[in-house]
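Please read the structure below before turning to the comments.
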Amino acid sequence: MKILHINTSDQGGAANACLRLHEGLLNSGIDSKVLVRYKSNNNLPEIYVYEKMVHEKITYKKRLENKIQRILNEFGIRKRNPVPETEIERQFLQKLRSKDLEMISFPQSDIDITNNKLFCEADIIHLHWVAGFLDYKTFFARCNKPIVWTFHDQNPFLGVEHYNEKLSGPDQNGYPAIRQFDNYELEIEEKYKQYKRKIFKNIPLNIVALCNWMKSEINDSKMFPLSKINIIPNGIDSKQYKILDKKFSRELLNLPLEKKIILFVSDNINNNRKGIKYLLKAFEKINSDNYVICCVGRNIYSQSEYIKYIELGEIKDQRLMNAAYSSADLFVIPSLMDNLPNTVLESLLSATPVVSFPVGGMLDMIKNKKNGYIASKITVDALAEAINEFIKNGVDFTAEEIRKDAVERYDIAVQINRMTQLYKDIYHEI
């Protein structure tokens with residue numbers, strides 16, 4: 001049984017989840033390979049970069065176009081290549097959209113994954129985050145192998161958006177502002193929803209939802225009428241995130257020993273969906289002068305002088321991230337929308353309680369008052385109330401119990417067992 005994972009890159013949250021699964025499968029004796037479009041200096045085995053085949057078949061139309069171009073070149077005439085329709089749409093959308101929103105991606109690509117040697121050798125194709133890599137129309141038309149697809153965000157059933165972002169930063173009263181859509185945005189979003197709907201109408205997939213919220217969103221979309229949906233959360237090797245001494249962790253990261261630390265982590269701090277503006281406003285309302293906010297991620301957030309705020313910048317080393325979680329008294333993830341963030345799993349495995357809004361996979365991961373708190377709603381006041389309740393009462397679980405519960409539910413072995421069973425069920429049906 002040969003599994004081929006397909007992910008656009010080997011970096012980012014979805015890539016980390018994909019590679020953790022891949023490594024776990026290899027350690028379990030499963031033949032697993034990963035195909036990416038972009039590769040960094042990743043040292044994991046069996047990760048390959050897609051390369052177009054030299055002998056890739058050229059259509060008659062393309063040969064004719066090449067011949068015409070050669071003739072024009074001989075006469076000093078250069079044919080102006082038309083700008084693809086999707087690129088024109090992308091450029092218009094980029095002008096309309098706030099830079100704080102998530103990226104957009106179109107379901108077209110000039111890559112045909114089905115001609116790749118690894119694809120041909122595989123028994124099961126496992127798609128992950130495939131923006132800019134997968135050409136939906138050609139791939140699903142030509143793929144004659146069973147497909148497992150883990151949805152790391154909403155893009156597979158949206159048009160070009162990756163999250164259906166309807167809320168923005170807090171207004172003067174601490175309530176989320178409603179995002180204003182331009183008619184062109186709505187038009188393009190609907191256009192590509194219908195584009196995908198036609199493709200998936202007759203395609204049976206084995207969809208993996210990471211949490212109950214994602215499964216509900218998939219069902220509500222009615223995009224995949226012939227597909228099965230399985231809830232299998234991501235897993236993490238629990239040996240890589242563990243309880244570290246708080247004093248040691250703070251000294252390692254040069255953090256104050258005498259303060260209480262609230263940790264915030266985001267790949268891009270300025271990302272609207274991650275909600276740092278809510279945390280900063282909530283911080284002004286907490287009932288303690290002994291707390292500081294410690295922030296990990298790309299981009300420096302512009303702060304008011306009176307906010308007690310520490311920037312650690314981007315941390316890529318897993319051991320240092322373990323120290324960051326262990327140095328904190330509380331991890332706050334005020335995401336307005338989210339799936340099953342790796343950061344929450346990492347924090348719980350490090351035995352650090354978590355506070356969040358009542359969204360996405362947080363409702364699966366956080367056991368209210370036991371290993372963290374879930375705010376009653378998405379407002380600044382509700383977030384402040386949840387943080388204040390933690391400051392006043394703590395959580396019911398001890399540090400050891402927080403970690404034990406996380407290991408039982410989210411250790412990589414749990415995911416590997418469930419995913420392997422899914423592969424076997426599919427393989428026996430081939």
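Numbers below:
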| read-out | value |
| --- | --- |
| Percent of C-alpha pairs per 10 Å bin, region 204-270, short to long | 15, 26, 24, 19, 13, 3 |
| Under the Debye formula (equal points on every Cα, no solvent term), log10 I(q)/I(0) of region 154-197 at q = 0.14, 0.15, 0.24 Å⁻¹ | -0.40, -0.45, -0.81 |
| Inter-site label distance for LYS377 and GLU258 at 7 Å from Cα along Cβ, in nm | 4.1 |
| Gain in span if fully extended, SER40 to GLN240, counting 0.36 nm per residue against the direct Cα distance | 69.9 nm |
| Largest-first ellipsoid semi-axes for region 339-430, taking √(5λ) over the Cα gyration tensor eigenvalues, angstrom | 31, 16, 8 |
| Debye, to nearest 20: dipole size of region 304-424, +1 on Lys, Arg Cβ, -1 on Asp, Glu Cβ | 400 |
| Binned Cα-Cα distances of region 246-410, short to long, each 5 Å bin given as a whole percent | 2, 9, 20, 24, 24, 16, 5, 1, 0 |
| Among the listed pairs LYS166/LYS377; LYS285/LYS370; LYS239/LYS308; LYS191/LYS215, those beyond 27 Å (Cα-Cα) | LYS239/LYS308 |
| Over 29 Å (Cα to Cα) - which of LYS39/LYS99; LYS39/LYS228; LYS246/LYS274; LYS274/LYS369; LYS259/LYS316 fall in this group | LYS39/LYS228 |
| Largest-first principal axis extents of the Cα set of the chain (Å) | 75, 49, 40 |
| Over the chain, relative contact order from alpha-carbon pairs under 8 Å, at least 6 apart, % | 15 |
| Taking region 198-310 and dividing mean pair separation by its residue count, relative contact order in percent (alpha carbons under 8 Å, at least six apart) | 21 |
| Cut-off 11 Å, label 7 Å out along Cα→Cβ of ARG90, residues of region 102-133 by amide N | 104-110, 132-133 |
| Extension reserve of the GLU121-GLU51 stretch, reckoned as 0.36 nm per residue once the Cα distance is removed | 23.6 nm |
| Region 246-410, relative contact order in percent, only Cα pairs under 8 angstrom and at least six apart counted | 22 |
| Exposure proxy order (Cβ contacts within 10 Å, fewest to most) of MET321, MET223 | MET223, MET321 |
| Extreme residue, positive dipole direction of region 236-320, given options GLN240, ILE307, VAL292 (C-beta unit charges) | GLN240 |
| Formal net charge of residues neighbouring LEU96 (Cβ-Cβ distance under 12 Å; K, R +1; D, E -1) | 0 |
| Environment charge at SER168 (Cβ cut-off 11 Å; Lys +1, Arg +1, Asp -1, Glu -1) | +1 |
| Value of D in µm² per second that Stokes-Einstein yields for region 109-236, Kirkwood Rh from Cα pairs, at 37 °C (0.692 mPa s) | 201 |
| Under-5 Å amide H pairs with LYS369, H placed in peptide plane, nonlocal only | ILE374 |
| Distance from region 214-277 to region 165-192 (C-alpha centre basis), Å | 24 |
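Here, each number is a calculation from the coordinates, and none is a lab measurement. Since we're looking at a predicted model, the values are computed, not measured. All Cβ positions, glycine included, derive from the backbone under ideal geometry; neighbour counts span all protein chains shown.
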